[in-house]
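The values are calculated or read from the model by the stated rules, or taken from the named source; none is laboratory data. Fair warning: this is a prediction, and the values are worked out from it, not measured in the lab. In this analysis, Cβ positions are derived from the backbone assuming ideal geometry, glycine residues included, and neighbour counts consider all displayed protein chains. Areas reflect the complete protein model, heavy atoms only, side chains present, ligands, DNA and RNA absent. Shrake-Rupley method; radii C 1.70, N 1.55, O 1.52, S 1.80 Å.
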Amino acid sequence: MANFSATRKLSLVCFLLTAGSAFSQAALPALPGLDAFPFQTDPHSLAISQPAIPSHPFSVIGPRGAVLGQQSGDYELWLFPWKLFSNMRISAEMKDYPVPIDVNEQASSIDVRPDSTIITFSHANFTVREIIFAPKTSADGAGAAVFYEVEAVRPLTLTFSFTPVMQRMWPAESDDKPSPEWVKTQGGSGFYILHENMPDHAAAIAMPGAEAGIMQPYQELARIYPLQFVLHVDPAKDANKLYPLLVSMGNTTATATKGALHSQLSSLDQSFRSSFEGNRNYYEDFQKKHISIDTPDEKLNAAFSWAEVSIDQLRVQTTPDHDEEALTAGFVGSGDAARPGFGWFFGRDGLWSTYAVNSEGDFSTARKEFEFLMKRQSPEGKMPHEWSQTANLVDWKSLPYEYASADATLLLPMAMNDYMRISGDKDFIAAHWENLARAWKFACTHDTDGDGIYDNSEGSGWVESWIPDMPHQEIYQAALDEQASLAFANLAHATGHEDLAKQATDRAAHIREQIEKEYYLPQQNFYAFSWEGKNRTDDTATIFPSVAWWDNSYALAHTGDMPARWASHEFSTDWGTRILSDKTSFYDPISYHQGTVWPLFTGWVSVAEYRMGHSLSGWAHLMQNADLTWSQDPGNTTELLSGQFFQPLGRSTAHQLWSSAMVVSPVLRGLFGLEWNVPEHELAVTPSLPAQWDRADLSNVPFGDGHLDLHMRRENSELIVHASGNAKLSSHVKGSRTVGQDLRIPLPAVEVGIDQALPQPGAVTSQLKALEQHFDEHSYSVKFEAAGGSRQYIWLRINQPSLRSRGSKLRASGVTIADTTQSLQKLTIEFPAGTSYTEKEIRFEW
């Protein structure tokens, strides 16, 4: 961010307060505003700068509030759980320039940093910057802030127009429309109060020095007008001033009075600078303490760090007392509705995402998430699915949301076992053993067909709609049940419950056997979507079998054709994986559960591919998720996209929790192959570095109470992994050995790599796909597919020194090696002609 103290610049600040204190105020003095102060940002800090796309969203979210809008600069402002106003827009009129200017139409760029977002409006006569942040900590309990910097050639009048809303997040009730009142202060300015029929709720909005805009007199026919602040600014006189747009909220009869609201506005006026600096300091410290990666791919490095920030920004405090904090599922502007995207606390969303949180080392956030959900566990042991931010204001249990899905009950032991393996915190597990045991018992006792697997009788497994009917038991849920059983067994063993550990281990073995009997389809060489009982299955080909590899404690017995089909254009677009095959009779590329692309699914498949040895497709899918960081809401990963065209759905939640988590997890658990076992002081490292990389570094890898750094370097036929800490390193690669603090991992004689980038918006799938990889002692083959008649490029790395010579014994078919003396080079593949995708296998022998 630039230094904003330059001459002939004006700044306006919008500030949101979560709750006020009751201060009596006999008179209402003018709010003075603030002098400008320098805003300094490390030029090397994490940042995204790109042209603003007015139709694309942005989000700035904190623990107590949010600003959600479009990159045109139009936004709505939330003080959780209240939406206070929407449709904030700006117009300008300039001296001796008799043309009104719609400032939002001048949106030119968006600059996003972890601590703030800037939208710049550029006109020949002025530049306006809209700067937004959501304080992580604030003495005043501030929720979100917006201020404007203005550079102008001549005096101008800015009019800020917005729609007062004062509506609670759904499903809580609110008044139909707030009643605005203009309260004059000394000096001719004033502020608005938004009244409700309820005397214990009111909001105040002020811009010091501004006049009221449209104020309809009672003589006029009733009509809806926006509220307005009209601000006259003269660059010659008003440089180096901040004109704050202050917003406060009263939630009791004492704090909803004029005097109390005015006192809150004054407090916010004085605390603005410290709140901004606190936010900047928070994220500087955040990036220093969290795991980071340094690879030859700078974009991947940035995407990984952005994913960590994006997850952190979705930590929201519960209302009204802010005594709890948990992960929300995601946000996007609410439009005319009362729900900003998902905006609620979700059981399975949070638990899937704790795998990323655990591996970042953010153990406090993980514990808060577990405790939030366990507090809402049913007496019988079922874990909650959804909890609205206004659940405490309605009869939540009478609504169909709290326990609508069944899978969170299985994900609890899985996620808590993952937490223990990385943190080594057995005490937390012991303290919450009763919750874990109840969840375990619930899963064991809800099996309506007697096959020993937790079925969908207690809510949906994954899909919430299906054709022709909802499934009885999905392979998704069955695979989770097996992994949950092993996880519970490990937790039971760690806390001294050996009888339960044995029962859980035996149950996992039984489930593995049942899955092969019930779900495996020998003729299709695939696994069914669901088991319907009485030897009936729904044979729809989906990506759901991939979750069997998630914990790396289980794998389906027959991988069969699944990896090749998932990697092919049948499932894989150029921006992620579809939920099901595009050959399915009811495939619909814009259907939520019957054809869209979810980054969540792409992450599941990527992790499974790495663990099955299909690293090329695993890399492609990982990078598709990572590159989405820049494609819609900058810095965040969207919820779902069309299965046909590269375009998010209009109502896709653009800042989605588990989508960002599916950047972190495939990187750490897939690409770098990290597996923690802190109770045994072990760390397994099984990397699959792209052939085009010669190194990779990981800093602040969590390991129990401390951290360690990992440094990976290629050295001829070995990958050397050096650890800074005292963990016992190992690898699943045969022939790996430790030498001091180094782990030496054998590399194959040759490797192939592919580049990956997202297509242009609106594109259809046409990129190279890696379907199969096969290694043996003297050969390596890869089967690719690409658009018929196309020319594609791959990387070849020759690791074995004896093969890097002019007289090399290395031979290739399907591709030509120009120079065997080079360790790394690009090769060209010519694909057979065809109207769609065609296949080609390349093979190297030595």
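Order D297, D481, most accessible first, counting only protein heavy atoms with a 1.4 angstrom probe.
Values: D297 40, D481 0 Å².
The ranking, largest first, comes out as D297, D481.
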Overall Cα dimensions of region 175-257 - principal axes, largest extent first, Å: 45, 34, 20
Considering only protein heavy atoms, what is the solvent-accessible area of V153 at a probe of 1.4 Å, reported in Å² to the nearest 10? 90
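Beyond 18 Å, what share of the Cα-Cα pairs of region 79-237 remains, rounded to the nearest whole percent? Don't skip to the answer; put the middle values down first.
Numbers: 8358 of 12561 pairs.
Of all Cα-Cα distances in region 79-237, 67 percent exceed 18 Å.
Would you work out the relative contact order for region 467-562, in percent, from Cα pairs under 8 angstrom that are 6 or more residues apart?
The value is 32 percent.
Mind checking the dipole of the chain: about its Cα centre, +1 per Lys or Arg Cβ, -1 per Asp or Glu Cβ, Debye to the nearest 20?
On the way: 65 positive and 102 negative charges, 332 e Å.
Once rounded to the nearest 20, the dipole reads 1600 debye.
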Debye log10 I(q)/I(0) at q = 0.19 Å⁻¹ for region 706-846, Cα point scatterers: -1.10
Can you give the alpha-carbon Rg of region 340-469 over 2.2 N^0.38 Å, where N counts its residues? 1.08
Considering only C-alpha atoms, what is the centroid distance from region 670-736 to region 121-142, in Å? 42
Can you give me the Cα centroid spacing of region 497-522 and region 816-846 in angstrom? 44
Project the alpha carbons of region 453-541 onto their principal axes and report the range along each, largest first, in whole Å. 46, 28, 20
May I have the pair-distance distribution P(r) for region 709-786, computed from all Cα-Cα distances with 5 Å bins from 0 and rounded to whole percent? 3, 12, 17, 15, 13, 13, 11, 9, 5, 2, 0
Pair T253, D323: separation of 7 Å Cα→Cβ label points (nm): 2.3
P(r) for region 391-430, please, calculated from all Cα pair distances in 10 Å bins and given in %. 26, 30, 26, 19
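Ignoring ligands, DNA and RNA, please state the percent of accessible area on region 582-671 from carbon and sulfur, probe 1.4 Å.
52
Can you run the Rg to Rh ratio on region 543-672? Use alpha carbon positions and the Kirkwood inverse-distance Rh. Don't jump to the answer; show the numbers that get you there.
Values: Rg = 13.6 Å, Rh = 14.3 Å.
Over the Cα atoms of region 543-672, Rg/Rh equals 0.95.
Region 199-350: D in µm²/s via Stokes-Einstein (Kirkwood Rh, Cα pairs, 25 °C, 0.890 mPa s)? Walk me through the numbers before you get to the answer.
Numbers: Rh = 20.1 Å.
This corresponds to a translational diffusion coefficient of 122 µm²/s.
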With all protein chains in place and a 1.4 Å probe, V309 shows an accessible area in Å² (nearest 10) of 0
Note to self: with every protein chain in place and a 1.4 Å probe, the chain gives an accessible area per residue in Å² of 36
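Let me know the Kirkwood hydrodynamic radius for region 573-614, please, with Cα pairs as the basis and the value in Å to one decimal. Before the final figure, lay out the partial values.
On the way: mean 1/r = 0.0925 Å⁻¹.
After inverting the pairwise mean of 1/r, the radius is 10.8 Å.
Over all pairs of distinct alpha carbons, what does the Kirkwood formula give as the hydrodynamic radius of region 268-314, in Å? Intermediate values should be presented prior to the final figure.
Values: mean 1/r = 0.0818 Å⁻¹.
Evaluated on region 268-314, it is 12.2 Å.
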Counting only protein heavy atoms with a 1.4 Å probe and every protein chain in place, the carbon and sulfur fraction of the accessible surface of region 176-329 in whole percent equals 49
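Which entries in the list K769/K809; K289/K368; K441/K728; K441/K502; K375/K728; K583/K826 go over 25 Å, if you measure between the two C-alpha atoms of each? Walk me through the numbers on the way to the answer.
Working: K769/K809 28 Å; K289/K368 19 Å; K441/K728 35 Å; K441/K502 14 Å; K375/K728 37 Å; K583/K826 34 Å.
Over 25 Å Cα-Cα: K769/K809; K441/K728; K375/K728; K583/K826.
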Semi-axis lengths (Å, descending) of the ellipsoid that matches the C-alpha gyration tensor of region 793-846: 25, 10, 8
Could you tell me the distance between the Cα centroids of region 542-585 and region 636-651, to the nearest Å? 19
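Over the Cα atoms of region 673-737, Rg to Rh with Kirkwood Rh, two decimal places? Working shown, then result.
Values: Rg = 11.8 Å, Rh = 12.4 Å.
The Rg/Rh ratio comes out at 0.96.
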At a 1.4 Å probe radius, which order do D705, D321, D694, D819 fall into by accessible area, largest first? D705, D321, D694, D819
Counting just the Cα atoms, what span does region 542-612 cover along each of its three principal axes? Round to the nearest Å and put the largest first. 34, 21, 19
Seen from all sides and averaged, what is the projected area of the convex hull of the Cα atoms in region 652-708, in nm²? 5.6
How many times 2.2 N^0.38 Å is the alpha carbon radius of gyration of region 336-383? 1.35
In cubic angstrom per residue, the convex hull of the chain built on its Cα atoms measures 182
Asserting the computed 222 nm helical MRE of the chain (DSSP H runs at least 4 long, -39500 (n - 2.57) per run, divided by residue count, to nearest 500) equals -7500 deg cm²/dmol
Please report the accessible area of D449 (heavy atoms, 1.4 Å probe, ligands and nucleic acids excluded) in Å², nearest 10. 60
Selection from L698, I101, T816 lying farthest towards where the dipole of the chain points positive, charges on Cβ: T816
Taking only the alpha carbons of region 605-670, the radius of gyration and the largest Cα-Cα distance, Dmax, both in angstrom, are 12.1, 36
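Let me check against my output: what whole-number percent is the relative contact order of region 587-734, with C-alpha pairs under 8 Å and at least 6 apart?
On the way: 242 pairs, mean separation 26.5, N = 148.
Reported relative contact order: 18 percent.
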Region 286-378: projected area of the alpha-carbon convex hull, averaged over directions, in nm²: 7.6
If you bin every alpha carbon distance in region 53-134 into 5 Å steps from zero, what whole percent lands in each bin? 3, 15, 25, 22, 16, 10, 6, 2, 1, 0
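Out of the total accessible area of region 721-825 (probe 1.4 Å, heavy atoms of protein only), what percent is carbon and sulfur?
Details: 2550 of 5250 Å².
Answer for region 721-825: carbon and sulfur cover 49 percent of the accessible area.
Find the relative contact order for the chain and round it to a whole percent, using C-alpha pairs within less than 8 Å whose residues are 6+ positions apart. Don't skip to the answer; put the middle values down first.
Details: 2058 pairs, mean separation 82.7, N = 846.
10 percent.
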